[in-house]
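Please treat every number below as a calculation from the coordinates, not as lab data. Source: prediction; values computed, not measured. Heads up, the Cβs are rebuilt from the backbone with ideal geometry, glycines too, and the neighbour counts pull from every protein chain shown.
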Amino acid sequence: MINLTQAKPASYAEIRKLKTIASYQFSSTIADCLFPPNEKFFIQYSMATNKIRNILDHNLRLFLVLRAQDYLFSLTEISGQIIKKCSDKPKFRFVVLNDISQFIKEGRNVFCKFVLEADESIRAGDEVLVVNEDDELLAIGRARVSGEEVKHYKRGIAVIVKREVKDE
């Protein structure tokens with residue numbers, strides 16, 4: 001659970017650092033969308049290491065998580081929606097059949113045989129968006145196979161779903 005009392009407003013230098021990480025992980029265009037000018041963000045630090053862990057938006061909702069093991073971002077529904085809005089399909093996405101949308105929204109993993117389209121630049125281990133044919137965000141997950149490999153596989157898990165998108 002996020003302790004909001006530990007959140008501090010992000011400084012200009014911290015935003016620049018986070019934007020640099022987002023540029024490396026996604027692209028400079030996506031970094032500009034995630035961290036627009038004059039937008040207020042809050043930061044929570046690890047109590048053990050005093051390094052940035054969570055980035056909260058201006059409403060103090062979890063926006064991004066900075067992973068300790070590789071210093072890259074884990075996405076949330078909020079940041080996933082922004083990336084989807086700022087990029088064209090299939091960039092950063094695994095596109096699945098509309099028929100399985102409800103299963104994915106319930107947090108089930110994505111199997112290769114249900115993937116219709118994928119961004120060829122996705123590598124195994126990347127954070128990805130899972131969308132249906134209508135480009136509706138269903139979940140955020142970690143790719144188990146690359147965007148190129150998923151086209152050739154008919155069995156196995158393509159994406160491990162970490163955060164499902166809740167219906168409003």
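If neighbour count is taken as other Cβ atoms inside 10 Å, put Tyr153, Tyr12 in order from fewest to most. Intermediate values should be presented prior to the final figure.
Details: Tyr153 15, Tyr12 7.
Final ranking by Cβ density, sparse to dense: Tyr12, Tyr153.
Compute the angle between helix 12-25 and the longest alpha-carbon principal axis of the chain, please, reported from 0 to 90 degrees and rounded to the nearest 10.
Between the helix axis and the principal axis of the chain, the angle is about 20 degrees.
Can you give the relative contact order of the stretch 92-134 as a percent, counting alpha carbon pairs under 8 Å and 6+ residues apart? Walk me through the intermediate numbers first.
Working: 48 pairs, mean separation 28.1, N = 43.
Normalised by residue count, the contact order of the stretch 92-134 is 65 percent.
Please report Leu60, Leu75, Leu129 as a ranked list, fewest other C-beta atoms within 10 angstrom at the top and most at the bottom.
Numbers: Leu60 11, Leu75 25, Leu129 28.
So the residues, fewest neighbours to most, are Leu60, Leu75, Leu129.
Can you pull out the trypsin sites (Lys or Arg not before Pro) in the stretch 25-70 whose DSSP state is coil and whose Cβ has at most 13 other Cβ atoms within 10 Å?
Values: sites: Lys40, Lys51, Arg53, Arg61, Arg67; in loops: Lys40, Lys51, Arg61, Arg67.
Here the trypsin sites (Lys or Arg not before Pro) that fit, given the DSSP loop and packing criteria, are Lys40, Lys51, Arg61, Arg67.
Before anything else, pin down the relative contact order of the stretch 4-81: Cα pairs under 8 Å, at least 6 apart, normalised by residue count, whole percent. Walk me through the numbers on the way to the answer.
On the way: 106 pairs, mean separation 18.1, N = 78.
Answer for the stretch 4-81 is 23 percent.
Under a 10 Å cutoff between Cα atoms, tell me which one of Ser46, Ser27, Ser121 has the largest fluctuation in the Gaussian network model of the chain.
In this elastic network of the chain, the residue with the biggest mean-square fluctuation among Ser46, Ser27, Ser121 is Ser46.
Tell me, Arg163, Arg123 in order of fewest to most beta-carbon neighbours within 10 Å? Walk me through the numbers before you get to the answer.
Working: Arg163 16, Arg123 12.
By the 10 Å Cβ count, ascending, the order reads Arg123, Arg163.
Comparing Ala68, Ala143, Ala124, which has the greatest mean-square fluctuation in the GNM of the chain with Cα pairs linked when under 10 Å apart?
Between Ala68, Ala143, Ala124, it is Ala68 that shows the largest mean-square fluctuation.
Each residue of the stretch 100-105 in turn: what ³J(HN,Hα) in whole Hz from Karplus with 6.51, -1.76, 1.60 and θ = phi - 60°, glycine and Pro shown as x?
My calculation for the stretch 100-105 gives 9, 3, 5, 5, 5, 5 Hz in order.
Do any cysteines in the chain lack another Cys Cβ under 4.7 Å, and if so which?
By the Cβ distance rule, which asks for a partner under 4.7 Å, the isolated cysteines are Cys112.
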